[in-house]
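Asker: Take a look at the following structure, please.
The values are calculated or read from the model by the stated rules, or taken from the named source; none is laboratory data. The structure displayed is predicted, hence computed values, not measured ones. Every residue, glycine as well, gets a Cβ built from its backbone with ideal geometry; the counts of neighbours run over all protein chains shown. The protein model used for the area step is the full one, side chains on, heavy atoms only, and it has no ligands, DNA or RNA in it. Shrake-Rupley method; radii C 1.70, N 1.55, O 1.52, S 1.80 Å.
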Amino acid sequence: MNSILVGEDRRLRHIDALRAIAALLVLWRHVADIYVHADPSGMAGGRWLRAIADSVDVGRIGVIVFFLISGFVIPFSMHAGRPAAVGSFVIKRFFRIYPAYWLSIPLGALTGFWIWGNEFSARDFAINLTLLQNVLGARPAEGLYWTLLAEWTFYALCVVLLLTNSLANMRRVCALAIGLGLAHALAEVTRSLGMPLLDAKVSLACFYLSIMLCGTLYRTCVVDGAARRAPWLRASVYALFAGYLAILPAAGLLMTGAERDAWIPCALGMAVFIGGTSWLRVSTRLTDWLGRISYSIYLFHPVVFMALWWWLLQQPATSWWRTQHLGVYLFVNAALTIVVAACVYRFVEKPSIACGHRIASRWAQYRARRSAQDEGAVFAETVRFVPGNEPAPPAA
């Protein structure tokens, strides 16, 4: 859910393809879950599309891919040697995330609450503007907003790692990823035994942060090959990935069974990410474009499918509109969502991204001037008190 950049201007095209796939997987799950009930008789075809989406949880797979991409990209967009590295990063992220998000709030409230006669208060609306609705106990205009808060938590973690000179230290990053993953695993095991070690929200936060750090480790240690010169680091990274790809899914099967094993879609999402970054790097004009607008696809697909669903329910139960193959509903929703997302990207995202870069550049220039002035003042004071440069005593 982020602009995928190398340096300042060159995009990773295969990462854009993964972002497009992830957004469409989330759309598939949400639309299939609702539109499978369009035909009350249950005779319309395509239920297998919902069965697949439900059995492997394609929505969770998409979210895991998004989080891995964040880890793959975000830490490398922070430049410690540049002026105002933290401030510039925060400014760019703010203008990347919030303007389109703010637009989605009234539309999400309209299509998810108001047209159904459900309450979404002024307090809910105001708290949603901060993105802290899950923290402050307000209704989210869209259920998927929690992922954006997880993103900002990861940004904050990256800032801490940068300020402690740890962001480029893959040993520390790996140790942190393993620690967070173990905290989540232990919390889930103890919860299944009726003695939860951590609050469920804290446990999930540990899990998602660990997953994002896996994206960072994969890029540095596997794709770029940094771990080849450090056997201990290579073994640790491979052990971490083995845990998420095999050990935790197997443990989940034993504890809860396949239907409730949330670690299986996590493993599948990680497999999709690894395949898309190492073995099958898709780079086409279509996926480039879909990748650019994927954040808006993700944000606005609930607006589209809830509005269409409301309209569909106004039609007679036996009408042509209510008895279509589920694949038709998926296609129509995807097509309309892409049109909406393209408009949002063109008129909201793109201008706000450019604005963020301008403000960040000016902030960096300002901080550079202040730093130069401060250094000049320190130098002047130093020269002033060098022996032999003392000011002359006043004349008698």
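Asker: Just the projected area, averaged over all directions, of the convex hull on the alpha carbon atoms of region 156-242: how many nm²? Walk me through the numbers on the way to the answer.
Answerer: Numbers: hull surface 23.6 nm².
Mean orientational projected area (region 156-242, Cα hull): 5.9 nm².
Asker: Over all alpha-carbon pairs of the chain, lay out the pair-distance distribution in 20 Å bins, whole %, shortest bin first.
Answerer: 24, 53, 17, 5, 1, 0
Asker: Another question, if that's okay. Quick check on packing: order 147-160, 74-87 by the mean number of other C-beta atoms within 10 Å, highest mean leading.
Answerer: 147-160, 74-87
Asker: Next question. Tell me the Rg and the Dmax, in Å, that the Cα atoms of region 65-154 produce.
Answerer: Answer for region 65-154, Rg first and Dmax second: 15.5, 53 Å.
Asker: So, by mean Cβ neighbours within 10 angstrom, what's the order for 359-366, 166-173 with the highest one leading?
Answerer: Details: 359-366: 15.2, 166-173: 16.9.
Final packing ranking: 166-173, 359-366.
Asker: If you consider only alpha-carbon coordinates, what radius of gyration and Dmax does region 126-170 have, in Å?
Answerer: 13.7, 40
Asker: Please tell me the relative contact order of region 66-187 in percent, rounded to the nearest whole number, where contacts are Cα pairs under 8 Å and at least six residues apart. Can you show the working numbers first?
Answerer: Values: 60 pairs, mean separation 23.7, N = 122.
Answer for region 66-187 is 19 percent.
Asker: Using per-residue counts of other Cβ atoms within 10 Å, averaged over each peptide, order 291-298, 193-200, 325-332, 269-276 from highest down. Present the calculation step by step, with values, prior to reporting the outcome.
Answerer: Values: 291-298: 25.6, 193-200: 11.9, 325-332: 17.1, 269-276: 20.2.
Top to bottom by mean Cβ count within 10 Å: 291-298, 269-276, 325-332, 193-200.
Asker: Just the C-alpha atoms of region 1-131: what Rg/Rh do they give, with Rh taken as the Kirkwood radius?
Answerer: Details: Rg = 19.1 Å, Rh = 17.8 Å.
Reported Rg/Rh, Kirkwood definition of Rh: 1.07.
Asker: A further question follows. Evaluate the relative contact order of the chain (contact order divided by residue number), counting alpha-carbon pairs under 8 angstrom at least 6 apart; express in whole percent. Don't jump to the answer; show the numbers that get you there.
Answerer: Details: 447 pairs, mean separation 122.0, N = 396.
This gives 31 percent for the chain.
Asker: I've got another one for you. What accessible area per residue comes out for the chain, rounded to a whole number of Å², with a 1.4 Å probe?
Answerer: Numbers: 19350 Å² over 396 residues.
Computed with neighbouring chains in place, this is 49 Å² per residue.
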